[in-house]
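Student: Here's a structure for you.
The values are calculated or read from the model by the stated rules, or taken from the named source; none is laboratory data. The structure displayed is predicted, hence computed values, not measured ones. Here Cβ is always computed from backbone atoms with ideal geometry, including for glycine, and neighbour counts include all displayed protein chains. Accessible surface areas use protein heavy atoms only, side chains included; no ligands, DNA or RNA. Shrake-Rupley method; radii C 1.70, N 1.55, O 1.52, S 1.80 Å.
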Amino acid sequence: MTRTLAEVILSRVSGRDVRAGDLVIVPVSRVMVHDSVIDAVIAGLRDLGRERVWDTSKVCVFVDHAAPAPTPVVADSHRVLREWVREQKIPTFYDAGEGVCHQIMVEEGYCEPGTVIVGSDSHSNSYGAVGAFGAGMGATDIAVALALGRTWLRVPESIKVSFTGRLRKGITMKDAIMRVVREIGTDGARYASVEFHGVGDLPQGDRITLAGMTTEMGAKAGMIVGTPEAPAWLRPDPDARYVREVTIDLTTLEPQIAVPPRVDQVVDISAAIGQPVDIVFLGSCTNGRLVDMQQAAKVLRGRRIAPHVRLEVVPSSRRQFDLAMQDGTMQVLSAAGAVIGSSGCGPCLGRTGGVLAAQEICLSTANRNYKGRMGSPDASIYIGSPYVAAVAALTGVIDDPRPYLEATDEEFDALVARRRGDRPERGAASSRSGDRSRELVMASARSGPAMEIDD
């Protein structure tokens, strides 16, 4: 047997031995639907003559893309979605503020390893973080899956990505997957399954980052080999055949930056140092988890972001939000001057919570940077890791985070001052209420106990 992981899964669920290029009809273990396409999905079911979904226990519905609703039109669409969920008696429904569909699908255990899961979002590849064959589909195909509990697929060819070595301080798996996108390109894995080897023991969040960003290479699926959730049979054969093999040495990896307007236009951070930014976005299904916020907090603790820069933090789920509250991470970010958004997609797709204006420059930890992705088509989006994002928020420019992580307090402050001083004049400095509060506290301390005021 010489089967890749995709061939192993699709052979098992289809009940016959299949290879790349074969057409199969397979049962789906779960169908994910979110608010952005619900109107088209409901219309598709109606066109099929189906009043009800095939199995309410296997359907997950989310309000996350434009949530809370930013316009009356979107609010009406959400109302239709909620009524449909109630009428269908679908028990698994996550309303606005609960988080990004992909994060919740994985962290709440809705993704069974070795099964096929389809979602109405292109980043449904994320479910490969636990060894599921997750695939994004359009509204019509999702309606068919909801009606019949099955879908058809062409068994994809597979690309093998192997990681060797260990990450150095200040470098993350976001840098690693960006390096992979740099190697393969935005269409180099078109309708392929990308298999990741050597990282099955990574934390679940890092695996979601890897699997989800295979979408940026055009992949049909992205799967991590040898995850803790995977049963013993869920492995590719040792002599499986791949259309391409890529090896990334983590030990020599540098921080990576995707330069607008292409996600595969990736360079080592040394090529982007000094690039000014106006806004920093920390969040999305790619990097909105506790560990990402902790990495940013490590840089920002006890300091305030640059006065000409805005920092927006959007946790990927309420659970991640709560964890960041419990360990003090969220307090550190807020004290640094961050705007904290409700758990969900947030600014990632330019529909709510921090839309970019023309000429603005953003450093984002999300997954896409094409024109118009986060707002105006005349804005520019750079993509980097949470460490890079935190340094950009602090200094106002893109910089290598490693010197900051190694510096003494005095050296750190000098680095920040130098970078802020070199930054071109852009925007206006913000007088943040937190700064004013500190001034009042200090003035009060100098003048003695404050008098009570009768209002």
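Student: Would you please name the trypsin sites (Lys or Arg not before Pro) within region 116-190 that are DSSP coil residues with at most 11 other C-beta atoms within 10 Å of their C-beta?
Tutor: Numbers: sites: Arg150, Arg154, Lys160, Arg166, Arg168, Lys169, Lys174, Arg179, Arg182, Arg190; in loops: Arg166, Arg168, Lys169, Arg190.
Sites meeting the loop and neighbour criteria: Arg166, Lys169.
Student: Could you state the orientation-averaged shadow area of the convex hull built on the Cα atoms of region 159-245, in nm² to one decimal? Working shown, then result.
Tutor: Details: hull surface 22.9 nm².
That works out to 5.7 nm².
Student: What length, rounded to one decimal in nm, is gained on full extension from Ala271 through to Arg46, with 0.36 nm per residue of separation minus their alpha-carbon distance? Present the calculation step by step, with values, prior to reporting the outcome.
Tutor: Details: separation 225, 0.36 × 225 = 81.00 nm, distance 5.26 nm.
Stretched fully, the Ala271-Arg46 segment lengthens by 75.7 nm.
Student: Of the beta bridges DSSP finds with both residues in the chain, what % are antiparallel, to the nearest 5? Present the calculation step by step, with values, prior to reporting the outcome.
Tutor: On the way: 12 of 57 bridges.
Roughly 20 percent of the DSSP beta bridges within the chain come out antiparallel.
Student: Can you give the direction-averaged projected area of the convex hull of the alpha-carbon atoms in region 91-139, in nm²?
Tutor: The directionally averaged projection comes out at 3.5 nm².
Student: Please give, to one decimal in nm, the separation of the simple spin-label points placed at Lys89 and Asp76, each 7 Å out from Cα toward the Cβ.
Tutor: Between Lys89 and Asp76, the simple spin-label model gives 3.1 nm.
Student: Express in % the proportion of alpha carbon pairs of region 1-74 at distances exceeding 21 Å.
Tutor: Working: 1372 of 2701 pairs.
Tail of the P(r) past 21 Å holds 51 percent of the pairs.
Student: Can I ask one more? Report the antiparallel proportion of the DSSP beta bridges in region 137-267 as a percent, rounded to a multiple of 5. Write down the numbers at each step before the final one.
Tutor: Values: 2 of 17 bridges.
Percentage antiparallel, nearest 5: 10.
Student: Any chance you could give the angle, 0 to 90 degrees and rounded to 10, that helix 386-395 forms with the longest Cα principal axis of the chain?
Tutor: Approximately 20 degrees, to the nearest 10.
Student: Report the Stokes-Einstein translational diffusion coefficient (µm² s⁻¹, integer) for region 244-351, Rh taken as the Kirkwood radius over Cα pairs, at 20 °C with viscosity 1.002 mPa s.
Tutor: 139
Student: Compute the distance from the alpha-carbon center of region 234-249 to that of region 126-173, in whole Å.
Tutor: When both Cα centres are located, 16 Å separates them.
Student: Something else now. Would you mind calculating the gained length between Ala428 and Gln331 on full extension (0.36 nm times residue separation, minus the Cα-Cα distance), in nm to one decimal?
Tutor: On the way: separation 97, 0.36 × 97 = 34.92 nm, distance 2.51 nm.
Length difference between fully extended and current span is 32.4 nm.
Student: Along the three principal axes, how long is region 198-242 when you take its alpha carbons, biggest first, rounded to the nearest angstrom?
Tutor: Principal extents (largest minus smallest coordinate, Cα): 28, 26, 15 Å.
Student: So, R0 is 45 Å and r is the distance between the beta-carbons of Asp17 and Gln359; what FRET efficiency does that work out to, to 0.05? List each step's numbers first, then the result.
Tutor: Working: r = 56 Å, r/R0 = 1.25.
Rounded to the nearest 0.05, the efficiency is 0.20.
Student: Using helices alone, what [θ] at 222 nm do you get for the chain, with -39,500 (n - 2.57) per DSSP H run of 4 or more residues, divided over all residues and rounded to the nearest 500? Intermediate results must be reported in sequence, preceding the final value.
Tutor: Values: 15 runs with 150 residues, N = 455.
Roughly -9500 deg cm²/dmol at 222 nm, from the helical runs in the chain.
Student: Give or take rounding to whole Å, what are the principal axis extents of the alpha carbon atoms in region 292-445, in descending order?
Tutor: On the principal axes, region 292-445 reaches 47, 38, 31 Å in Cα extent.
Student: Turning to a different aspect of this structure: Using the Kirkwood radius over Cα pairs, work out the Stokes-Einstein diffusion coefficient for the chain at 20 °C and 1.002 mPa s, in µm²/s as a whole number. Don't skip to the end; give the middle numbers.
Tutor: Values: Rh = 22.9 Å.
D = 94 µm²/s.
Student: Whole angstrom only: what separates the Cα centroid of region 306-378 from the Cα centroid of region 380-413?
Tutor: Cα centroid to Cα centroid, the span is 16 Å.
Student: Next question, about the same structure. DSSP beta bridges in region 6-157, what fraction antiparallel, as a percent rounded to 5? Provide the component values of the computation, followed by the final result.
Tutor: Numbers: 5 of 19 bridges.
Counting DSSP beta bridges with both partners in region 6-157, the antiparallel share is about 25 percent.
Student: Once you put a point 7 Å from the Cα of Glu112 and another 7 Å from the Cα of Trp233, both along the Cβ direction, what distance in nm separates them?
Tutor: Going from the Glu112 label point to the Trp233 one covers 1.2 nm.
Student: Rg and Dmax in Å for region 1-125, alpha carbons only: what are they?
Tutor: Rg then Dmax for region 1-125, in Å: 16.4, 56.
Student: Write down the accessible area per residue of region 166-284 in Å², having rolled a 1.4 Å probe over the full set of protein chains.
Tutor: Values: 4420 Å² over 119 residues.
Result: 37 Å² per residue.
Student: Figure the gain on full extension for Ile25 and Thr2 (residue separation times 0.36 nm, minus the Cα-Cα span) and round it to one decimal in nm. Each step should come with its number before you reach the end.
Tutor: Numbers: separation 23, 0.36 × 23 = 8.28 nm, distance 2.15 nm.
Contour length minus Cα-Cα distance gives 6.1 nm.
Student: Using alpha-carbon pairs under 8 Å, 6+ residues apart, how would you state the relative contact order of the chain in percent? Don't skip to the answer; put the middle values down first.
Tutor: Numbers: 1069 pairs, mean separation 73.4, N = 455.
Across the chain, relative contact order equals 16 percent.
Student: Which whole-number value in Å³ per residue fits the convex hull of the alpha carbons of region 344-387? Each step should come with its number before you reach the end.
Tutor: Working: hull volume 2.8 nm³, N = 44.
Roughly 63 Å³ of hull volume per residue.
Student: Over the chain, what percent of the accessible surface lies on carbon and sulfur atoms, probe 1.4 Å?
Tutor: Details: 9240 of 18600 Å².
On the chain, the fraction of accessible area on carbon and sulfur atoms equals 50 percent.
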